[in-house]
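Please read the structure below before turning to the comments.
The values are calculated or read from the model by the stated rules, or taken from the named source; none is laboratory data. Given the structure is predicted, the values throughout are model-derived calculations rather than measurements. Ideal geometry is used to build each Cβ from the backbone, glycine not excepted, and the neighbour counts take in all protein chains shown.
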Amino acid sequence: DQETSYTIIKSKETTITAEGLKPASVYVFQIRARTAAGYGVFSRRFEFETIPVSVAASSDQSQIPIIAVSVTVGVILLAVVIGFLLSGSCCECGCGRASSLCAVAHPSLIWRCGYSKAKQDPEEEKMHFHNGHIKLPGVRTYIDPHTYEDPNQAVHEFAKEIEASCITIERVIGAGEFGEVCSGRLKLPGKRELPVAIKTLKVGYTEKQRRDFLGEASIMGQFDHPNIIHLEGVVTKSKPVMIVTEYMENGSLDTFLKKNDGQFTVIQLVGMLRGIAAGMKYLSDMGYVHRDLAARNILVNSNLVCKVSDFGLSRVLEDDPEAAYTTRGGKIPIRWTAPEAIAFRKFTSASDVWSYGIVMWEVVSYGERPYWEMTNQDVIKAVEEGYRLPSPMDCPAALYQLMLDCWQKDRNSRPKFDEIVNMLDKLIRNPSSLKTLVNASSRVSNLLAEHGSLGSGAYRSVGEWLEAIKMGRYTEIFMENGYSSMDAVAQVTLE
Ligand code: AMP
């Protein structure tokens, strides 16, 4: 009855070990299988009670538990996903259960065969009070640093402490909310020198600012993927406090694209998008929802590899100049955010997919501002009414279709990041599939897609139509160029 949180752990193994459980607490485990056919149903609940703190402490003093989930709640529902449920045979332990259920039943694990509240033997007990976190081989899930009572412990669990003397600061390359961002070099003993970016925490910070600043490192340090910005370490033992990451020569993607307008091949653009999608797939697999995916938060290196950056807790959005306060008080980058996240803060990987669609649009239009100078309120209203960004110029039809898929109102109908990666891989392998472009006349009709068609006489004048699609400011230009009737507009072609 007290459950308020749970952890989902995916595993390809038939065995897992849950470590660092809180003493004297009841834990509930459920298992489900995943195969090519999708997810199976959850097993019944397996309930276990951990031994009291005094016994745990006597076996290892250092094992004071810091629980990965809320410390105030003594119950965790752990869902273990294992791909072997279809197998009907029992594992070696001879308990007569399907091998998948024996994932929790091997004698070497903390759980006994079958459903039992029996006390475990002392050897087994040692395993699960180890370092305060549930750690399972071959399984990686994101741990919210907020769940640590002491944020310093979180940062040291996930980030390496670097001696300030190993860092040479060269020049200032940007400004973050907490202080300057510099480029420089990192020379760790026994390693070759690396170019790095160094974020500094300005002097006179409050304890909360320090916590929020280092929160980003606690998150980044949990990731290890070629399309996620890599954390080298942190400097916390001397001042200024610093976060050291790999150096991305071409800076943030939005600025980079604006600077190089029209300079890339479609394949290069799709390659960038593929990288971002792969990074996002990794994050969503780890259970991390970014909430602020936008070209400004992607960094580009000298090989055009794009990496997702800007991780934070509440900080991410407070730090983003694009984020605006909504009527409910949250701060949200409206133009990049899915309607359900704006309306009722339903941030999920599916809302990240919506933002990814906007990033696709930014990339293909070389850093154009989504919805141009429309106000945030107009954007919210237009999107709610079904209006979607029109295709960028010279956009392959397959890419625009993918954008529209990411902007499905029903979040369950949007593609998942793994599907996006697969789709982009297919396009890259078959470049001729990118030759069909969205042409100018269908760009116009796309503008109208959700507003009735030109031919049906839904609009009496060009001005009325442009107003309806929030483009009223272009009325004069249409008139000056001879597009004074809806019939004339319908004839617009690329030429
Ligand atoms: P941020 O506070 O993370 O938004 O960083 C501010 C700016 O510093 C970014 O917009 C980039 O231009 C630059 N920057 C941040 N991290 C890096 C990096 N790893 N490599 C190169 N430039 C970076």
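Here are some notes:
- Pairs meeting the criteria (first residue in region 348-363 and surrounded by 24 or more Cβ atoms within 10 Å (Cβ to Cβ), second residue among the hydroxyl-bearing types (Ser, Thr, Tyr) and assigned to a helix (DSSP H, G or I), beta carbons under 7 Å, at least 6 apart or on different chains) are ASP352/SER284.
- Region 321-405 holds helices (runs of 4 or more DSSP H) entirely within its bounds, and those carrying 3 or more residues that are polar (S, T, N, Q) map to 349-364.
- Flag for LYS191 being without any contact (Cβ under 8 Å) to a residue 24 or more places away in the chain and basic (Lys, Arg): yes
- If you go through region 337-382 and keep only what is among the small types (Gly, Ala, Ser) and out of contact with any strand residue (DSSP E or B) (no Cβ under 8 Å at 6 or more places or on another chain), you end up with ALA338, ALA343, SER349, ALA350, SER351, SER355, GLY357, SER365, GLY367, ALA382.
- Residue selected from region 296-311 under the condition over 15 Å from MET360 (Cβ atoms), more than 11 Å from the chain's Cα centre (by Cα) and crowded, with 21+ Cβ neighbours inside 10 Å, by the criterion nearest to the ligand (Cβ to nearest atom): LEU299
- Of residues in region 184-206 being within 22 Å of HIS146 (Cβ to Cβ) and within 14 Å of the ligand (Cβ to nearest atom), the one nearest to the chain's Cα centre (by Cα): LYS199
- Candidate set from region 308-320 (those that are touching a helix residue (DSSP H, G or I) at 6+ places or on another chain (Cβ under 6 Å) and not in a loop (DSSP other than H, G, I, E, B)); member that is modelled with the lowest pLDDT: ARG315
Conditions (1) modelled with pLDDT under 95; (2) surrounded by 15 or more Cβ atoms within 10 Å (Cβ to Cβ), marked per residue:
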| residue | (1), (2) |
| --- | --- |
| PRO370 | no, yes |
| ALA382 | no, yes |
| ALA397 | no, yes |
| LEU402 | no, yes |
| ASP410 | no, no |
| PRO431 | no, no |
| GLY452 | yes, no |
| GLY455 | yes, no |
| TYR459 | yes, yes |
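- Candidate set from region 321-348 (those that are away from the ligand (no atom under 16 Å from the Cβ) and of a type in the set (Gly, Ala, Ser)); member that is modelled with the lowest pLDDT: GLY329
- Residue match in region 363-376 (condition: under 25 Å from VAL289 (Cβ atoms) and polar (S, T, N, Q)): yes
- Filter pass, ASP261 being more than 24 Å from the chain's Cα centre (by Cα) and within 24 Å of LEU399 (Cβ to Cβ): yes
- Residue selected from region 141-157 under the condition in a loop (DSSP other than H, G, I, E, B) and under 23 Å from the mean Cα position of the chain (by Cα), by the criterion surrounded by the fewest Cβ atoms within 10 Å (Cβ to Cβ): TYR142
- In summary, helices (runs of 4 or more DSSP H) completely within region 207-295 and bearing 1 or more residues that are more than 14 Å from the ligand (Cβ to nearest atom), crowded, with 21+ Cβ neighbours inside 10 Å and of a type in the set (S, T, N, Q) occur at 207-220.
- Test: residue in region 166-173 that is aliphatic (A, V, I, L, M), part of a loop (DSSP other than H, G, I, E, B), modelled with pLDDT of 90 or more and more than 20 Å from ILE8 (Cβ to Cβ): no
- The set of residues in region 158-183 being more than 12 Å from the ligand (Cβ to nearest atom), under 18 Å from SER238 (Cα atoms) and either free of Cβ contacts under 8 Å to residues at least 24 places away in the same chain or buried (at least 17 other Cβ atoms within 10 Å of the Cβ) (or both) consists of ALA159, ILE162, SER165, CYS166, ILE167, THR168.
- Region 348-399, residues that are among the β-branched types (Val, Ile, Thr) and more than 22 Å from the chain's Cα centre (by Cα): THR375, VAL379, ILE380, VAL383
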